[in-house]
Structure formats: structure tokens, C-alpha cells
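Participant: I have a structure here, written as C-alpha cells, and I will follow up with some questions on it.
All of the numbers you see were taken from the coordinates with simple rules; none came from a lab. Owing to the predicted nature of the structure, the values given are computational and were not obtained by experimental measurement. All Cβ positions, glycine included, derive from the backbone under ideal geometry; neighbour counts span all protein chains shown.
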Amino acid sequence: MRKAQAAQKEANRRTGWRLALVVLGMFGFGYALVPMYNVLCQLTGLNGKTGRVEAATVAAPADTTRWVTVEFTGSSMSGLPWDFRPLQKSMRVHPGEVATVSYEARNTTDEAITAQAVPSVVPSEAARYFKKIECFCFTRQTLNPGETRQMPVRFVVNTGLSKDVSTVTLSYSFFNVDQVSAKKFGGSNAPLAAEAHDEHHTAPVTPGG
């Protein structure tokens, strides 16, 4: 009888350990979903996410037989009292050609605010061919009270873009990364996209940088 009870107790202990390992595994998988999702978006262009490349890797010659019109838009989301806009509405580029556009942001308040820009590209199938070399979205941006800043974006449209696509739109949504500040200015909590946007693109915040 005692042997049976001991065996049952040992079996229960093993089951408990197994359940604990399963819970830990599920937690770890859930925690890893955000970076996994970001990597998938970068590779496939899912959800309009764009990729980052170094200037030295843009080695393919431009296709001067084709033109692609790139349109630019930008908006500050609720909770971020910034004026934010592109300094030009569109430009024509050759696939493979490095181009530069600038956006301008102005903090309309009397306090410093830090924000994160989240880019997207439409049509979604063009996102994987739209590569940023330099972008203000790679790091969080802090604007001091009343400060205005012009921020460049250097990009290239890869020559692999389908010839059926003649127009691409690059959009940026700017979010206040501080939840308390966002609520103060009439917004809700910053979405996960602003907090987890391509984690290797973020860097420590430098006030006024």
C-alpha cells in the first residue's frame, strides 16, 4: 500500500514539473511572437513594413528604363501634439536609384515629448522592395518645447519591384511613446507597434537629438 502511495506521489510530482515546463514554454513563445512577427514583416513586406539596408549594399545599377512615383504622407496620432508633414508630396525615381526626402515635425507644446514613427508602404506587395538607408524612424525622436526639426529619409526602390507597380506610397504615423503624456494630450496608450517597431531600429532616447 505504501509503495503504491509513493509511486502515485512520484507520478504527481513528475506531472507537476511537466506542466510547469509547458507553461514556461508557452510564455516564452508568446514573448517571442513580437520579434518573430517583425522579422516576418521585414522579409515579406507583410502589413506594409519596410526594410533597412546599408548604403554599401545598394550595389545594383539603377534601371533607367523605368520610373516609379513615390508619394509621401505623414500624420501625428492622437496624444501627440506635433505638426508633422512631408516637405514634398511625391517624387519620381528609377528603381535602384538612391533618393532622399525630408519630413518636418514641430512640437506645439511647452514640454519635451518623445515619439516613435512607424512606417508603412502601399501597395503591400511593394513593401519588401522599399528599402530605407537612413530614416528618423530608426530611433525615437525627442522634440523640445516649440522645437521644429527636419528629418531626412534616404531610400531605394529595389529593381525587383513588379513592373505593374508604378506608384508607391510611403506613410509615417508618429506616436507618443509615453503613455501618461499621451493620455494628457487626449490619446490612448501607445500601440504595440510603436513600442516594438523593429527593435533593432530603436536606440536610447537623446533629448533634442
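Participant: Restricting attention to region 117-190, which trypsin sites (Lys or Arg not before Pro) occupy a DSSP loop and are surrounded by at most 10 other Cβ atoms within 10 Å?
Facilitator: Of the trypsin sites (Lys or Arg not before Pro), the ones in loops of region 117-190 whose Cβ has at most 10 other Cβ atoms within 10 Å are 163.
Participant: Step through the residues of region 145-162 one at a time and calculate ³J(HN,Hα) from phi using the Karplus curve (6.51 cos²θ - 1.76 cosθ + 1.60, θ = phi - 60°), rounding each to whole Hz and writing x for Gly and Pro.
Facilitator: x, x, 6, 10, 9, 9, 10, x, 10, 9, 8, 9, 8, 4, 5, x, 4, 4
Participant: Right, here's the next one. Amide H of residue 109: which non-local residues (sequence gap of 5 or more, or other chain) have their own amide H closer than 5 Å, using H built in the peptide plane?
Facilitator: 146
Participant: Given a Förster distance of 22 Å, report the FRET efficiency between residue 67 and residue 88 from their Cβ-Cβ distance, rounded to the nearest 0.05.
Facilitator: The formula returns an efficiency of 0.85 here.
Participant: Moving to a separate point now. Between residue 100 and residue 162, with labels modelled 7 Å along Cα→Cβ, what's the label distance in nm to one decimal, could you check?
Facilitator: Each label point lies 7 Å from its Cα, and together they span 3.3 nm.
Participant: Show me, for region 133-140, the HN-Hα J-couplings you get by feeding each phi into the Karplus relation (A = 6.51, B = -1.76, C = 1.60, θ = phi - 60°), rounded to Hz, glycine and proline as x.
Facilitator: Karplus values, whole Hz, x for Gly and Pro: 9, 9, 7, 5, 6, 6, 9, 5.
Participant: What pairs in 131/184; 132/184; 89/163; 89/131; 131/163 have C-alpha atoms more than 26 Å from each other?
Facilitator: Correct reply: 131/184; 132/184.
Participant: Long-range amide H contacts for residue 133: which residues qualify at under 5 Å (H placed 1.01 Å from N, peptide plane, sequence gap of 5 or more or a different chain)?
Facilitator: HN-HN under 5 Å from residue 133: 53, 154, 155, 156.
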